[in-house]
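Undergrad: Below is one structure. I have some questions about it.
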Amino acid sequence: MKNKLFSTVMLLVLLLTGCKEGSSSITKSEEPSAPSTETSVVIEDSSEAASEYAGLIGMDTYNDWPSAAIDEYLLSHNVEEKVPALPNVTRSYVELTLDDPNFEHYLTVFIPGTNQAEDYTAILQAVNYQVVYYEEDDYYIGLNSETTIQIDYFYVTGDADYPDGMFIFIEALATNGGGTIVTPEGIPSVIDFATEDQITKRDALQSIWTTESGVTMTIDKGASTVNVGNLTAQNEVGYFTNPLRIYAGQVVTFTVPAEVQINAVLLETAGAWEKGDSVLAVTNSAPETVDFIAEGDNVLFTLFSPSNTLTFSLAAQARFNKITVFVI
């Protein structure tokens, strides 16, 4: 199966700074098609294409734009916004992709036929998607205004495993921007980054914060290209306070004494800055062991099953004023 090329983090950077050098701008059509509201039904595909091309084997087949399959996928990730339909679709193939090592999940949609990439760009832009075009790869990425859906698409031709057609990758993003945070059950233990008073180990590879109740937060450099706190020989002060900066690829681990368990973690971020958004970085980093909700600049992780530890890796830089661990 064809795989997506670029991550959400890369797209957000490009949307903030503009398309990469050498890319082409896309012009809206005068009357773009509206999103489809029709119900799609899976059919048994007896067409020559399904048997001739190995890539289509095992994919669900529809005789129209697969709106129902797309909605079901998005709703399973708490995304209620809709994906605009590509018009005049008479056959589509759909598969939930879970084996791409660079992404947790996305829905792969294949539409055999002619190249409609520019038409689809106009449709997306008409409903306030921001679209980046990579001319070198002839590859498009769109992000909706709510930053809950990313759509990658390109036209394939001359592929042994697929007929000529459009690949459309639909990814539900973990933004969960709406909601109200309610104080969770448990005894709060606060890690406050107003000072460095709670730091018990301060090192470029690993730093540790410890509360009076024995709750610890450990940041490991992990796969990051940046040291913990961005400590360097030239910068021995680092960024540990007002706010604490945790960088992409660094690993955060919370641990509690053996007699208690973590029920929830409230992450009070410093919000957005000129090159990033802490809330988006945190929600996109949420591990599979938690449910989460974001309100304002804060994100609440609630564990599905209370545990002595909670670990996650940052998808992008995030900045924090305070973190509260609720133990039961």
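Since every read-out is calculated from the coordinates, none of them should be taken as a lab result. Remember, it's a predicted structure, so these values are computed and weren't measured experimentally. Positions of Cβ are backbone-derived with ideal geometry, glycine not excepted, and every protein chain shown enters the neighbour counts.
Undergrad: At a threshold of 8 angstrom on Cα-Cα distance, excluding pairs fewer than six apart, so keeping six or more, what relative contact order does the stretch 187-327 reach in percent?
TA: 30 percent
Undergrad: Tell me which residues come under 5 Å, amide H to amide H, from ALA316 once H is placed; ignore anything under 5 positions away on its chain.
TA: Here the answer is GLY249, since their amide H atoms fall under 5 Å of that of ALA316.
Undergrad: To make sure I understand, if each residue's beta carbon is the centre and we count other beta carbons within 10 Å, what order do TRP209, TRP273 fall in, fewest to most?
TA: Taking fewest neighbouring Cβ atoms as first place, the list is TRP273, TRP209.
Undergrad: Roughly speaking, what is the stretch gain from ALA54 to PHE304, that is 0.36 nm per residue apart minus the C-alpha to C-alpha distance, in nm to one decimal?
TA: 86.1 nm
Undergrad: How far is it, in nm, from the label point at SER145 to the one at GLU212 when both lie 7 Å from their Cα along the line to the Cβ?
TA: Label at SER145, label at GLU212, 4.9 nm between them.
Undergrad: For VAL190 paired with GLU72, estimate the spin-label separation in nm (one decimal), with each label point 7 Å from Cα along the Cα-to-Cβ line.
TA: 4.8 nm
Undergrad: Quick check: residue separation of ASP197 and ILE328 times 0.36 nm, minus the Cα distance between them. What number comes out in nm?
TA: Extending this stretch completely gives an extra 44.7 nm.
Undergrad: For LEU98 paired with ASN128, estimate the spin-label separation in nm (one decimal), with each label point 7 Å from Cα along the Cα-to-Cβ line.
TA: 3.4 nm
Undergrad: Can you give the FRET efficiency for ALA233 and THR180, using 1/(1 + (r/R0)^6), R0 = 41 Å, r = Cβ-Cβ distance, to the nearest 0.05?
TA: Efficiency at R0 = 41 Å is approximately 0.35.
Undergrad: Please rank MET59, MET217, fewest neighbouring Cβ atoms within 10 Å first, as an exposure proxy.
TA: Ascending number of Cβ neighbours within 10 Å: MET59, MET217.
Undergrad: Between ASN242 and ASP164, take the C-beta separation as r, use R0 = 45 Å, and let me know the FRET efficiency to the nearest 0.05.
TA: Using R0 = 45 Å, I get an efficiency of 0.20.
Undergrad: Also, quick follow-up: If each residue's Cβ is checked for other Cβ atoms within 10 Å, how do VAL237, VAL325 rank with the fewest at the top?
TA: VAL237, VAL325
Undergrad: Turning to a different aspect of this structure: Do any of LYS275/LYS322; LYS82/LYS275; LYS201/LYS275 go past 25 Å between their Cα atoms, and which?
TA: In this structure, LYS82/LYS275; LYS201/LYS275 exceed 25 Å between Cα atoms.
Undergrad: Right, next: HN-Hα J couplings of the stretch 211-217 from phi, Karplus 6.51/-1.76/1.60, θ = phi - 60°, integer Hz, Gly and Pro as x?
TA: These are the phi-based 3J(HN,Hα) values: 8, 4, 8, x, 7, 10, 10 Hz.
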